[in-house]
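Notes follow once the structure below has been shown.
The values are calculated or read from the model by the stated rules, or taken from the named source; none is laboratory data. None of these values were measured; they are calculated from a predicted model. When we count neighbours, we look across all protein chains shown, and the Cβ atoms used for this are built from the backbone with ideal geometry, even at glycine.
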Amino acid sequence: MALASAVDSIATPLSMPRWLAEAADGSLVMYDRVENGLYRVERGVGDAALLSTKGAGPMEYRVAQGIVLGPGDSLWVMDRPGSKAIVLDSEARPVREQRSPISSSAADAIGNGWVRAISATGDWYGSARAMSFAPTFHVDDSASVIIWRRATGRTDTLARVGMRPIDFTSRNAAPRLDAFDPIDAWGVFRDGRVMVVRGRDYGIELIEPDGRVTRVGRGPTPFLPLTREDAELTRDSLNRARAEVLRMMPMNPMSGQAGATSGGRPPPALPDPLPANWPLLRSDEIRIDWQDRAWVAVRSAPRDTGGTRYDLFDRDGRYLMAVSVAVGGRVIGFGREAVFVAWPDADELQRVKRHPLPE
């Protein structure tokens, strides 16, 4: 089914809204990645007012990397570089800061959030990836899903999930093209149960806070065959985008070359052999709505030419329905009765619109 039409929108356009959460009184909190600003919409109606910003002062952050629901009616704005969270009350107003019990590294900045969730009992769920700098910069192709247990202060690993590795090799070596690598996805229900979806076969695992694992079958969406023509078109598109970035960053040290010149670093090449199928999962993040349903983003068309399909599952891993979001829309958060989607506007900004939750 297609996502129902929007019932209203937030009056203030944003550059790139990334996360949104709804407080108990209906107020909304949003983070704009480009502006690095945290915004509040009182009771979910009207303009977005700046709530906090980047800084070293009280209730400020270095970089927000998620807005998660906390115990009771609290919301937590996660600041990985600051190793802390800003705690908001039931009206989405800052009340205190909380130091993080989970350590972090630069590798945690790569991906969809450092702390993914805080359960109703106050346990923290996050991820950890290994990285190295010698002989070249490398971030591992898997991550640990970890839990910090509030009752004991102990940190345990619940699962390992597949990720796309990151390598920066010598300036004369072609960078690796990772667009066709499968990834895994994971999310956390309010009671602390973790759902892991395996990208290689759409296998679904449920992991209890005590570590017990239940495998509950596979999701319904079929894999799409990857043709060489589509792979070449994807490679060429990514190479053009990369060249444009390097053109605007002539001394980018991470690129291994000074500008996009003919004598610079070679462009990425297709993997050999070519995978048989497109990667199914479009994100390593499983979002959980207010009805405790897991939203798994899957590929609906080759070369990202279609919108995003979300397969919805209940907390026992049972498939419920599929919801399609048209091209250009990005789900950024949920309210008690709504899903919020960022849509591109004519002025190159984005509008956040409120859509009814599918039933």
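Out of all the residues in the stretch 62-77, is one or more more than 26 Å from Gly192 (Cα to Cα) and in a strand (DSSP E or B)?
We begin by selecting, within the stretch 62-77, every residue more than 26 Å from Gly192 (Cα to Cα); these are 62.
Next, only the ones that are in a strand (DSSP E or B) stay: none.
No: the stretch 62-77 contains no residue that is more than 26 Å from Gly192 (Cα to Cα) and in a strand (DSSP E or B).
For Ala338, the test of being closer than 21 Å to Arg282 by Cα and either touching a helix residue (DSSP H, G or I) at 6+ places or on another chain (Cβ under 8 Å) or touching a residue at least 60 places away in the same chain (Cβ under 8 Å) (or both) is failed.
Entry remark, the stretch 280-304: residues being of a type outside the set (Gly, Ala, Ser), in a loop (DSSP other than H, G, I, E, B) and touching a Leu at 6+ places or on another chain (Cβ under 9 Å) number 5 in total. Considering the stretch 199-223 alone, what residues qualify as being out of contact with any Lys or Arg (no Cβ under 6 Å at 6 or more places or on another chain), of a type outside the set (Ser, Thr, Tyr) and more than 21 Å from Asp156 (Cβ to Cβ)? Across the stretch 199-223, the qualifying residues are Gly199, Arg200, Asp201, Ile204, Val216, Gly217, Arg218, Gly219, Pro220, Pro222, Phe223.
A residue that is without any contact (Cβ under 8 Å) to a residue 12 or more places away in the chain and either surrounded by 18 or more Cβ atoms within 10 Å (Cβ to Cβ) or more than 22 Å from the chain's Cα centre (by Cα) (or both) occurs somewhere in the stretch 189-212. Against the test of being closer than 30 Å to Thr221 by Cα and modelled with pLDDT of 95 or more, the options Ala6, Ala49, Ala92 yield a single qualifying residue, Ala6. Residues that are surrounded by 15 or more Cβ atoms within 10 Å (Cβ to Cβ) and either among the polar types (S, T, N, Q) or not in a strand (DSSP E or B) (or both) within the stretch 17-32 comprise Ala23, Gly26, Ser27, listed in sequence order.
This table checks each residue for (1) over 20 Å from Gly203 (Cα atoms); (2) part of a strand (DSSP E or B).
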site: Gly306; (1), (2): yes, no
site: Arg309; (1), (2): no, yes
site: Val331; (1), (2): yes, yes
site: Val341; (1), (2): yes, yes
site: Arg351; (1), (2): yes, yes
site: His355; (1), (2): yes, yes
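Kindly evaluate Arg164 against the criterion of being part of a strand (DSSP E or B) and either hydroxyl-bearing (Ser, Thr, Tyr) or without any contact (Cβ under 8 Å) to a residue 24 or more places away in the chain (or both). Here the answer is no, as Arg164 does not meet what is asked.
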